[in-house]
């Protein structure tokens, strides 16, 4: 049994997002559209080793680790905005929504990483080809879900509103 996700070829990512609302991209595809080396992209993984435990799990779980940052992207300009709470409605996230969640911010080292910035900026650029908006409002979540105890509830995958994007990461 093959449990691998159906990866979207790089040349089909834009059309997959247009028709399905999402695409599942291999690391090599992300590196290609972000204009970074695969080695630099995979090197970002080190930043997922020291994530603080998510203190907001309503089910009492201790399986999610997370950091958070918010950005705006306009054209080729990417700006980090002041740290703020992450909020989702209960309709969007039935398990953990409905509360302000103040996750620890991403580290300064990751914030300054050129590859990280390129991935976010070029993802916004790719999305702008589908829906041109003057400014993208982006929430970037580093998260890791530990399933070693057999429990690990993933995040929602509902479509995003116009002019918003989430850059999620999981190892």
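Taking the condition surrounded by 12 or more Cβ atoms within 10 Å (Cβ to Cβ), modelled with pLDDT under 80, out of contact with any helix residue (DSSP H, G or I) (no Cβ under 7 Å at 6 or more places or on another chain) and closer than 25 Å to residue 21 by Cβ, does residue 139 pass?
Answer is no for this residue.
Looking at residue 19 and the list (1) exposed (fewer than 11 other Cβ atoms within 10 Å of the Cβ); (2) assigned to a loop (DSSP other than H, G, I, E, B), which single condition is not satisfied?
With (1) exposed (fewer than 11 other Cβ atoms within 10 Å of the Cβ); (2) assigned to a loop (DSSP other than H, G, I, E, B) applied to residue 19, the lone miss is (2).
Exactly one condition in (1) in contact (Cβ under 8 Å) with a residue 40 or more places away in the chain; (2) not in a strand (DSSP E or B) is not met by residue 98; state its number.
Every listed condition holds for residue 98 apart from (1).
Given the criteria under 30 Å from residue 10 (Cα atoms), part of a strand (DSSP E or B) and modelled with pLDDT under 95, does residue 65 qualify?
Here the answer is yes, as residue 65 does meet what is asked.
Has the range 68-82 got at least one residue that is within 30 Å of residue 149 (Cα to Cα), touching a strand residue (DSSP E or B) at 6+ places or on another chain (Cβ under 9 Å) and modelled with pLDDT of 95 or more?
Yes.
Tally up the residues in the range 37-54 that are over 26 Å from residue 95 (Cβ atoms) and outside any loop (DSSP other than H, G, I, E, B), please.
9
For the range 104-134, which residues satisfy the criterion of being at pLDDT 95 or above and not in a helix (DSSP H, G or I)?
Once the filter is applied, which keeps residues that are at pLDDT 95 or above and not in a helix (DSSP H, G or I), the range 104-134 yields 104, 105, 106, 107, 112, 113.
Right, residue 72: under 24 Å from residue 133 (Cβ atoms) and exposed (fewer than 11 other Cβ atoms within 10 Å of the Cβ) or not?
no
With the requirement that a residue be exposed (fewer than 13 other Cβ atoms within 10 Å of the Cβ) and in a loop (DSSP other than H, G, I, E, B), what does the range 75-86 give you?
Selection gives 75, 76, 81, 82, 85.
Quick one: is residue 57 in a loop (DSSP other than H, G, I, E, B), crowded, with 18+ Cβ neighbours inside 10 Å and either in contact with a strand residue (DSSP E or B) (Cβ under 9 Å, 6 or more places away or on another chain) or at pLDDT 95 or above (or both)?
So residue 57 fails the test.
The values are calculated or read from the model by the stated rules, or taken from the named source; none is laboratory data. Note that the structure is predicted; figures quoted are calculated from it, not measured. Neighbour counts run over all protein chains shown; Cβ positions are idealised from the backbone, glycine included.
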